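Just below is one structure, and these are the notes that go with it.
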C-alpha cells in the first residue's frame, strides 16, 4: 500500500493504528526523497571537479542569480482602445 492509500484508509477508519501506518509511510517517503536528492547533489559536485565540466559552475551560478532576481518595474496596462 502506498502513502495515498494509507491516508485514505486513515481518513475512513479514524484509528490510531491507521494513523501510525500513514505516519510511517510518510517518513519513508521523505527519507527516500532526501537520500535521492543528496546522491544527485553529490554526483553534480563530483562532475564540477572534472575539467570537462568546469563551465557548468558558471551556468549554475547564472541560473541561481536569475531565479533570485526581483521583478522591478511595472508592465504597461492598456486600456480598451489598446493605448
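What follows is calculated from the coordinates using simple rules that are stated; it is not laboratory data. Computed from a predicted model, the values in this text were never measured in an experiment. Virtual Cβ from ideal backbone geometry, glycine too; neighbours counted across all protein chains shown.
Relative to the longest principal axis of the Cα atoms of the chain, helix 3-13 runs at roughly 50 degrees. Packing-based ranking of 54-64, 19-29 yields 19-29, 54-64, ordered from highest to lowest mean Cβ neighbour count within 10 Å. Taking 15 Å as the cut-off, the amide N atoms of the stretch 19-36 that come nearer than this to a point 7 Å along the Cα-to-beta-carbon line of residue 12 belong to 19, 22.
Summarising the label geometry, the points placed 7 Å from Cα in the beta-carbon direction at residue 5 and residue 63 lie 3.6 nm from one another.
Centre-to-centre, using Cα atoms only, the stretch 1-34 and the stretch 53-69 are separated by 38 Å. Among rounded, prolate and oblate, which fits the chain when a ≥ b ≥ c are the square roots of the eigenvalues of its C-alpha gyration tensor, a/c under 1.5 means rounded, and a/b larger than b/c means prolate? Cα axes put the chain in the oblate bin.
Between 0 and 90 degrees, the angle of helix 16-49 with respect to the longest Cα principal axis of the chain falls at about 40 degrees. The angle between the Cα long axis of helix 55-68 and the main principal axis of the chain comes to about 80°, on a 0 to 90 degree scale.
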